[in-house]
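Let me begin by presenting the structure, written as structure tokens, before commenting on it.
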Ligand code: NAP
């Protein structure tokens with residue numbers, strides 16, 4: 001166990017090996033504990049960080065992958081050396097419980113280690129070789145070799161809802177560094193102290209490994225023009241983002257409107273529908289209702305994979321499911337949300353959905369400032385079809401039951417959905433036929449389709465997909481969790497008739 005307390009943030013940016021004091025400042029707004037003063041980011045700092053990242057790419061982009069694996073493992077050591085301080089400042093800033101911060105730190109270091117192991121194996125390079133055929137008629141074939149190469153400096157936006165695993169040293173940063181791409185992080189202003197201490201850990205690892213300091217920079221939040229300058233900077237080659245549909249869409253459009261458009265890998269909104277088939281509903285409707293309530297309220301519902309919608313058949317089994325969910329949700333006390341802004345956006349979203357035609361409130365929370373308790377609403381499929389806004393995410397612990405009269409109507413609800421990170425089917429053996437009819441629809445809607453589970457809790461592994469059609473993500477070919485996420489920061493380069501003596505070491 002480390003003993004790294006107390007941690008008092010210095011409030012500066014990290015630009016290419018220097019801690020830089022800003023000219024203006026903002027105060028953090030922790031859920032509890034003292035507020036601290038942080039430097040506000042500026043476009044001038046974006047310029048400095050991007051120039052340094054490009055310089056760093058000249059060496060880092062050609063570094064041996066074993067060296068990068070050691071770098072990732074050194075970041076793990078430096079994060080673990082600050083473990084207690086990370087938990088303390090993280091819980092203060094986010095209002096999340098200490099157990100969550102400890103668990104998220106575990107996930108963050110596991111992720112870094114996973115990428116270290118992944119690049120050591122080398123299969124991510126996807127090397128292919130078509131040897132020359134000088135005698136081929138009518139024309140000889142040249143020698144052709146291809147492999148994945150890093151794209152250059154990458155911008156990462158820290159997410160508000162995962163202060164560690166989707167922030168400064170989270171999955172976007174880990175996968176980009178593993179690929180050989182320097183990273184410029186725009187920290188989220190909801191947890192600047194947590195960002196700072198994790199940046200200190202990366203900073204220390206950069207020094208210990210003797211890397212170019214431009215490999216990593218952190219610009220603290222506070223101003224919108226930092227984000228816009230970052231995605232428009234000519235040296236930035238791609239962007240990783242987790243956040244709102246409106247913010248993500250604005251940044252995505254800026255990337256597309258550049259003189260040289262770049263990919264924007266945004267993970268935006270998802271309501272993660274669950275479909276309860278009649279066999280499952282009859283067999284264990286109440287248990288599914290209780291499980292749903294637990295999944296829906298985990299972390300005050302602030303998970304991108306929160307299962308916000310349950311589609312159920314009308315009838316006594318459906319009512320038993322709803323009643324069990326209502327009973328369990330009613331036991332959940334008010335929870336602290338990540339920021340006052342997110343709490344007020346939740347209340348506005350809840351009120352918007354509750355005001356929809358035919359929507360009934362089964363459980364209404366009272367919430368104020370940064371706190372909220374769960375809400376449960378119900379609507380018929382016919383009213384759902386009439387109001388597209390009912391399918392929009394209310395980021396927080398809100399469940400909406402959509403009642404259908406037939407399996408045909410259930411499939412129509414599935415067809416009406418926008419892109420999702422996940423879709424879940426609750427089924428028994430007797431439901432096999434309707435499942436076979438539902439699955440092809442859901443495959444086109446979601447990045448991950450689950451049977452008999454709950455989508456919160458995203459495994460970090462080789463086979464994970466955390467993405468999906470828009471608006472779940474802005475690039476349906478990509479995932480932001482798991483080893484496949486490294487593909488976002490790579491592109492294939494073909495070497496034709498290139499002598500071995502000059503080829504990249506990885507290709508030989
Ligand atoms: P956000 O408002 O989209 O902000 C995310 C990041 O993008 C922040 O760094 C923000 O900078 C920046 N940004 C947003 N709009 C921008 C713009 N127009 N130009 C330049 N930069 C911009 O998301 P959030 O603060 O994390 O949470 C707000 C809402 O997002 C939540 O209520 C929820 O609806 C949604 N959300 C969804 C997920 C998900 O996984 N689906 C996760 C988190 C949040 P500033 O901090 O400087 O504003």
TODO: Assign one of three labels to the range 47-185, namely rounded, prolate or oblate, based on the Cα gyration tensor with a ≥ b ≥ c the square roots of its eigenvalues; rounded applies when a/c is under 1.5, prolate when it is not and a/b is larger than b/c, and oblate otherwise.
DONE: prolate
TODO: Name all residues of the range 370-410 having a backbone nitrogen under 16 Å from the label point set 7 Å from the Cα of residue 361 along its Cα→Cβ direction, giving them as ranges.
DONE: 372-379, 397-401
Task: Extension gain from residue 340 to residue 259, taking 0.36 nm per residue of separation minus the Cα-Cα distance - done: 25.4 nm
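Could you rank the peptides 215-223, 254-262, 68-76, 129-137 by their average count of other C-beta atoms within 10 Å per residue, with the highest value first? Please report the intermediate quantities before stating the final value.
Values: 215-223: 26.9, 254-262: 13.1, 68-76: 21.8, 129-137: 10.0.
The most tightly packed comes first, giving 215-223, 68-76, 254-262, 129-137.
One quarter of the convex hull surface, Cα atoms only: what value does that give for the range 378-447 in nm²?
On the way: hull surface 20.4 nm².
Its average projected convex-hull area is 5.1 nm².
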Task: Percent of beta bridges antiparallel (DSSP, the chain, rounded to nearest 5) - done: 40
Task: Label-point separation in nm, residue 319 to residue 18, each point 7 Å along Cα→Cβ - done: 7.1
Task: Relative contact order for the chain, counting Cα pairs under 8 Å that sit 6 or more residues apart, in percent - done: 16
TODO: Just check the range 169-218 against the gyration tensor rule for me: Cα atoms, a ≥ b ≥ c as the square roots of the eigenvalues, rounded for a/c under 1.5, and otherwise prolate or oblate depending on whether a/b exceeds b/c.
DONE: oblate
Task: Computed log₁₀ I(q)/I(0) - Debye formula, equal Cα scatterers, no solvent, the range 243-313, q 0.26 Å⁻¹ - done: -1.10
Task: Over the range 56-128 - Rg/Rh using Cα atoms and the Kirkwood inverse-distance radius - done: 1.12
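For the peptides 32-44, 101-113, what is the packing order when you average, over each peptide's residues, the other Cβ atoms within 10 Å and list the highest mean first? Present the calculation step by step, with values, prior to reporting the outcome.
On the way: 32-44: 16.7, 101-113: 20.7.
Ranking, from highest mean packing down: 101-113, 32-44.
Ordered by packing density, taken as the mean number of other Cβ atoms within 10 Å over each peptide's residues, highest first, how do 49-55, 122-128 rank? If you can, show how the numbers build up before the last one.
Details: 49-55: 23.0, 122-128: 14.0.
Listed from highest to lowest mean packing, they are 49-55, 122-128.
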TODO: Measure off 7 Å from each Cα along the Cα-to-Cβ vector at residue 35 and residue 452, then give the distance between these two points in nanometres to one decimal.
DONE: 5.2
Open item on the list: Between 0 and 90 degrees, rounded to the nearest ten: what's the tilt of helix 407-416 against the longest Cα principal axis of the chain?
Closed with: 40
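Which of rounded, prolate or oblate describes the range 10-116 when judged by the alpha-carbon gyration tensor and an a/c cut-off of 1.5?
Values: a/c = 2.98, a/b = 1.13, b/c = 2.63.
Oblate is the answer for the range 10-116, as a/c is 1.5 or above yet b/c matches or exceeds a/b.
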- [ ] Using only Cα atoms, figure out Rg for the chain and give it as a multiple of 2.2 N^0.38 Å.
- [x] 1.03
TODO: With both partners inside the range 274-451, how many of the DSSP beta bridges are antiparallel, as a percent to the nearest 5?
DONE: 20
Open item on the list: Report the Cα centroid-to-centroid distance between the range 251-298 and the range 452-497 in angstrom, as an integer.
Closed with: 15
- [ ] Have a look at the range 274-451 and give its Rg and Dmax from the Cα atoms, expressed in angstrom.
- [x] 15.3, 48
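Coordinate-derived values only; no laboratory data. These figures come from a predicted structure and were not determined experimentally. Cβ atoms come from the backbone with ideal geometry, glycine included; neighbour counts cover every protein chain shown.
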